[in-house]
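Chemist: Right, I'll just put the structure down here and ask away after.
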Amino acid sequence: MTRSVRTRRLLLPMVTAALLAAPMSAQATPATSTTSDAPGAAAVTEVPDFGDNPGGLRMLQYVPDGLAENRPVVVAMHGCTQNATDYGNQSGWVELADKWQFSVVLPEQTSGNNLNNCFNWFESGDTTRDRGEVASVVSMVDHALDATGGDASRVYATGLSAGGGMTSALLATYPDRFAGGGVVAGLPYRCASAMYEAFTCMYVGKDLSPSAWGDLVRGAGSHEGPWPTMSIWHGDADSTVKIANQRELVEQWTDVHGTDATPDREDTVAGYPRAVYEDAEGRAVVETVAIPGMNHGQPVDPGTGEGQCGSAAQYLLDVDVCAAWHLGQTWNLQ
């Protein structure tokens, strides 16, 4: 599908846009990223020319001063009607980049592609290798690696809601480029491949067998190497993207890794239940963290103590655990 055709298709009544606008409502005005001049604010900057951009996205980035070569790169993708700068700061990724010394790529959707600035996780043209939005994000990663001398074997992707759906798409279509992913209140790869299918995925969840879910990922390319690890975070009171999607993501990615969807061990993260799924070699390849009582949003824990990061805002929820901090620990970013 060409971008002009898709754009016309997205110019539907606002009630339809609202149903796809996870996390924000139709009344919200899509925000535009700017570099903040507030005291102590992070210097998130735009890269206007980063290479091939078939998805028509904006690239913003955060690079700590004096960043050494061979450091990791994290791609962090916002939810609907959010912008890249605010999400990077409020989720905690920018402050962790300063603390642990890695660079952050912050893709940003435009209202020309989607009325509510949602990444188009439900469009096959944007979730197919070498096409659309996934290809644009990989161009951003290439630019960041070249510009910072980053470690191409330590590239990770994460995102909230629609950004979580695009995280699934990136790991499925470019498993050779990402070491791991973190899906926050997101959806499995190809749960939807067109707009009309998105409603079922978000509000009910699509019930497929583990092998059928895994086949959708395997069918995205001809990958024969190791698969990225997957961490899946969800609130069990999420009314926008039902927690059933967490279970389907587990089934999808455990099947891809050749293991089953029964946890090999269970413990807690900041008091919240975590389940870990291991491959035949005993390596943790999938994990879930479920937040009882949490609605739709990204877990944060504002403060300067161990394990704390982020700031509370709409759909950035202070639940005494910072998902970004835990993901960074899991990925050995520090």
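Chemist: Residues in the range 37-96 that are touching a helix residue (DSSP H, G or I) at 6+ places or on another chain (Cβ under 8 Å), part of a loop (DSSP other than H, G, I, E, B) and of a type in the set (D, E, K, R): how many? Step through it out loud before you land on a result.
Modeler: Residues of the range 37-96 that are touching a helix residue (DSSP H, G or I) at 6+ places or on another chain (Cβ under 8 Å), as a first pass: 41-42, 44, 47, 50-64, 67, 69, 71, 73-80, 87-89, 91-96.
Imposing the further condition that a residue be part of a loop (DSSP other than H, G, I, E, B) reduces the set to 41-42, 44, 50-57, 63-64, 67, 69, 71, 78-80, 91-92.
From the residues that got through so far, the ones that are of a type in the set (D, E, K, R) too are 52, 69, 71.
Final tally of qualifying residues: 3.
Chemist: Please give the number of the condition residue 59 fails out of (1) modelled with pLDDT under 95; (2) in contact with a strand residue (DSSP E or B) (Cβ under 6 Å, 6 or more places away or on another chain).
Modeler: (1)
Chemist: Mind listing just one residue for me: the one in the range 98-151 that is closer than 21 Å to residue 325 by Cα and more than 17 Å from the chain's Cα centre (by Cα) and, of those, surrounded by the most Cβ atoms within 10 Å (Cβ to Cβ)?
Modeler: Among residues in the range 98-151 that are closer than 21 Å to residue 325 by Cα and more than 17 Å from the chain's Cα centre (by Cα), the one surrounded by the most Cβ atoms within 10 Å (Cβ to Cβ) is 102.
Chemist: Another question, then. Could you grab me the full set of residues in the range 77-89 that are surrounded by fewer than 24 Cβ atoms within 10 Å (Cβ to Cβ) and among the polar types (S, T, N, Q)?
Modeler: Filtering the range 77-89 down to residues surrounded by fewer than 24 Cβ atoms within 10 Å (Cβ to Cβ) leaves 83, 86, 89.
Selection gives 83, 89.
Chemist: Considering the range 78-105 alone, what residues qualify as being among the hydrophobic types (A, V, I, L, M, F, W, C) and out of contact with any Phe, Trp or Tyr (no Cβ under 6 Å at 6 or more places or on another chain)? Walk me through it before giving the result.
Modeler: Here is the first cut: in the range 78-105, the residues among the hydrophobic types (A, V, I, L, M, F, W, C) are 80, 84, 93-94, 96-97, 100, 102, 104-105.
Of everything in the range 78-105, those that are among the hydrophobic types (A, V, I, L, M, F, W, C) and out of contact with any Phe, Trp or Tyr (no Cβ under 6 Å at 6 or more places or on another chain) turn out to be 80, 84, 93, 96, 100, 102, 105.
Let's see how each residue does on (1) over 16 Å from the mean Cα position of the chain (by Cα); (2) under 20 Å from residue 92 (Cβ atoms):
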| position | (1), (2) |
| --- | --- |
| 246 | no, no |
| 253 | no, no |
| 262 | yes, no |
| 266 | yes, no |
| 269 | yes, yes |
| 295 | yes, yes |
| 314 | yes, yes |
| 317 | yes, yes |
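Chemist: Follow-up. Just to verify a result, which residue in the range 32-44, among those that are over 28 Å from residue 125 (Cα atoms) and in contact with a strand residue (DSSP E or B) (Cβ under 8 Å, 6 or more places away or on another chain), is modelled with the highest pLDDT?
Modeler: The extreme case among them is 44.
Chemist: Return the residues of the range 248-294 that are assigned to a strand (DSSP E or B), polar (S, T, N, Q) and more than 21 Å from residue 191 (Cα to Cα); say none if nothing qualifies. Full working, then the answer.
Modeler: Taking the range 248-294 and keeping what is assigned to a strand (DSSP E or B), we get 265-269, 272-278, 284-291.
With polar (S, T, N, Q) added as a condition, the list becomes 268, 288.
Scanning the range 248-294 gives a single hit, 268.
Chemist: Quick one: residue 255 ticks every box in (1) closer than 21 Å to residue 209 by Cα; (2) touching a strand residue (DSSP E or B) at 6+ places or on another chain (Cβ under 9 Å); (3) among the acidic types (Asp, Glu) bar one, so which box is it?
Modeler: Condition (2) is where residue 255 drops out.
Chemist: List pairs: first in the range 212-236 and touching a residue at least 24 places away in the same chain (Cβ under 8 Å), second of a type in the set (Asp, Glu) and part of a loop (DSSP other than H, G, I, E, B), Cβ under 8 Å, 6+ apart or cross-chain?
Modeler: 223/176; 225/176
Chemist: Related question: Just give me the residues in the range 319-334 being within 16 Å of the chain's Cα centre (by Cα) and of a type outside the set (Ser, Thr, Tyr), in sequence order. Spell out the reasoning first.
Modeler: Step one: filter the range 319-334 for residues within 16 Å of the chain's Cα centre (by Cα), giving 322-328, 330-331.
Hits for the range 319-334 are 322, 323, 324, 325, 326, 327, 328, 331.
Chemist: Among the residues of the range 208-247, which ones are modelled with pLDDT of 95 or more, part of a loop (DSSP other than H, G, I, E, B), over 13 Å from residue 168 (Cβ atoms) and not hydroxyl-bearing (Ser, Thr, Tyr)? Don't jump to the end; show me each part of the working.
Modeler: As a first pass, look at the range 208-247 and keep what is modelled with pLDDT of 95 or more: 208-223, 226-247.
Applying the additional criterion that residues be part of a loop (DSSP other than H, G, I, E, B) yields 208-209, 219-223, 226-228, 236-243.
Next, only the ones that are over 13 Å from residue 168 (Cβ atoms) stay: 208-209, 219, 221-223, 226, 236-240, 242-243.
208, 219, 221, 223, 226, 236, 237, 238, 242, 243 - these are the residues of the range 208-247 that are modelled with pLDDT of 95 or more, part of a loop (DSSP other than H, G, I, E, B), over 13 Å from residue 168 (Cβ atoms) and not hydroxyl-bearing (Ser, Thr, Tyr).
The values are calculated or read from the model by the stated rules, or taken from the named source; none is laboratory data. Just so we're clear, the structure is a prediction, and the values are computed from it rather than from any experiment. For neighbour counting, all protein chains shown are included, and Cβ atoms are generated from backbone atoms with ideal geometry for every residue, glycine included.
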